[in-house]
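What follows is a short report on a single structure.
The values are calculated or read from the model by the stated rules, or taken from the named source; none is laboratory data. All of these numbers come straight from a predicted model, not from anything done at the bench. Quick reminder, even Gly has a Cβ in these numbers, built from the backbone with ideal geometry, and neighbours come from all protein chains shown. Ligands, DNA and RNA are stripped out before the accessible areas are found, and what is left, the full protein with its side chains, is counted by its heavy atoms. Shrake-Rupley method; radii C 1.70, N 1.55, O 1.52, S 1.80 Å.
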Amino acid sequence: MNYEQSVREQTEKLQAAGHATILAIESSCDETAAAIVRDGREVVSSVISSQIPLHAMYGGVVPEIASRKHVESVDPVVDECLKKADMTLADVDAIAVTYGPGLVGALLIGVSAAKALAYAAGKPLIPVNHIEGHVSANYIAHKDLEPPFVCLVASGGHSHIVRVDDYGVYTLLGQTMDDAAGEAFDKAARVLGLPYPGGPLLDKLSREGNLHALKLPHVQTPGRYDYSFSGLKTALINTVHKLRQNGQDVPAADIAASFQHAAVELLSDKAVLAAKESGAKIVTLAGGVASNSGLRNTMNDKCQKAGIRLMMPPPVLCTDNAAMIGSAAFYRLMRGEIAGLDLNATPSLRLV
Ligand SMILES: Nc1ncnc2c1ncn2[C@@H]1O[C@H](COP(=O)(O)OP(=O)(O)OP(=O)(O)O)[C@@H](O)[C@H]1O
Ligand SMILES: [Mg+2]
């Protein structure tokens, strides 16, 4: 029996059984990660190798350097993940991989590794959208979570409000018109002299500052649930430059706190409005910015007031990891969505 026939049969058996243990690989940006996830909800093992120190000296991710590092890391990360789970390739039912969106060179390393493993082990290959992975981190954190719900995806490259109608069925309610939330946090942090990626450091610094110290613009967008962060970012950059030009002190903590407050108000106002107006009973958070302390607290308060249940993954499942890819992959596998060995990276893959 050839590979295609064999994996089709295996997939049908797994669908009928409703169970699968999946080895997932993530390499879309600057983390090489592997995880083994059972039935979309239980993380058996997870390994994340971050490249942050490598890119910090350039102030951002250098795609070519990221690709080279993924080449070095992917095999050891997969080996470590299997070892931690006390498993071999023969013990997993399928191989999953992020095939977009992300950096093309970085994605290709994960896709090539996953294809090689799937073929060598004769297992089905499951293609996963990275943003669907971020949303699915919530299934791991909250075993009782089922669609429908609304999810605010705030990551390094995306700011979406999506309605999850069913597993794998998404309706885009709103999105950013310009910068992503994480990108805005990183750029604001950079102006304050914080190293890449500045989001988490700005979050930390803002705890020591006065969030009303700086008056930042309340951004208007044509779409009711759409975001815009570039005006906020420019206002902050101009403020800092003016202070420096006038030889005045830059109160970094106050500026960080004011920026975070403005960004969090914007993110949370629209997400809660979208949830209320679409009749959602549950709101979830996803993506790296979902680990922001201000966003988590504010969403908690606003959802409580609106009578909406808020669920969010722990910070380690908000930033890039492969466990979330393994979770999304399970539901894809159950729908029979497997890829052929001609799977390619799709850098600008959309969720909807
Ligand atoms: N506590 C925090 N506060 C604000 N931003 C944060 C925090 N922690 C992480 N971030 C931001 O989250 C982003 C990283 O998130 P993530 O890993 O989801 O992004 P990405 O994978 O680069 O982008 P995408 O998922 O859109 O492809 C960075 O911009 C980082 O600064
Ligand atoms: Mg991400």
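Some observations on this one:
- Anchor LYS123: lysines whose Cα lies under 27 Å away (excluding residues fewer than 8 positions away in-chain): LYS13, LYS69, LYS83, LYS84, LYS115, LYS143
- A convex hull fitted to the Cα coordinates of the stretch 274-327 yields 82 cubic angstrom per residue.
- Prolate/oblate/rounded call for the stretch 175-244, Cα gyration tensor, a/c under 1.5 rounded: prolate
- Mean ellipticity per residue at 222 nm, deg cm²/dmol - from DSSP H runs of n ≥ 4 across the chain, formula -39500 (n - 2.57): -15000 deg cm²/dmol
- Candidates GLY287, ILE255, PRO313 compared by Cα position along the dipole of the stretch 146-316: farthest toward the positive end lies ILE255, with charges placed on Cβ.
- Added length on full extension, which subtracts the Cα-Cα distance from 0.36 nm per residue, GLU4 to SER348: 121.1 nm
- Estimated translational D of the chain in µm²/s (Stokes, Kirkwood radius over Cα pairs; 25 °C; 0.890 mPa s): 118
- Considering only GLY231, GLY122, GLY105, the residue lying farthest towards the positive end of the dipole of the chain is GLY231, judged by Cα position with unit charges set on Cβ.
- When DSSP beta bridges are restricted to pairs lying wholly in the chain, around 60% turn out antiparallel.
- Residue order for HIS19, HIS212, HIS160, HIS241 - accessible surface, 1.4 angstrom probe, largest first: HIS212, HIS19, HIS241, HIS160
- The fraction of accessible area contributed by carbon and sulfur in the chain is 52 percent, rounded to a whole number (1.4 Å probe; ligands and nucleic acids excluded).
- Note on the stretch 242-331: Lys pairs 8 or more places apart or on different chains, Cα atoms under 30 Å apart, count 7.
- Placing R0 at 35 angstrom, the Cβ-Cβ distance between LYS84 and GLN220 gives a FRET efficiency of 0.10 after rounding to 0.05.
- Rolling a 1.4 Å probe across the protein heavy atoms gives the stretch 146-316 an accessible surface of 44 Å² per residue.
- Taking the DSSP beta bridges with both ends in the stretch 146-316, the antiparallel portion is around 60 percent.
- Binning the C-alpha pair distances of the stretch 146-316 at 10 Å intervals from 0 yields a P(r) profile of 11, 40, 33, 13, 3, 0 %, listed from the shortest bin outward.
- Only aspartates and glutamates eight or more places from LYS204 in sequence, or on another chain, were considered; those with a Cα closer than 14 Å are ASP186, ASP254.
- For the peptides 111-124, 183-196, 330-343, 46-59, the ranking by packing is 183-196, 111-124, 330-343, 46-59, with the highest mean count of neighbouring Cβ atoms within 10 Å listed first.
- With protein chains left intact and a 1.4 Å probe, residues in the stretch 1-62 average 44 Å² of accessible area per residue.
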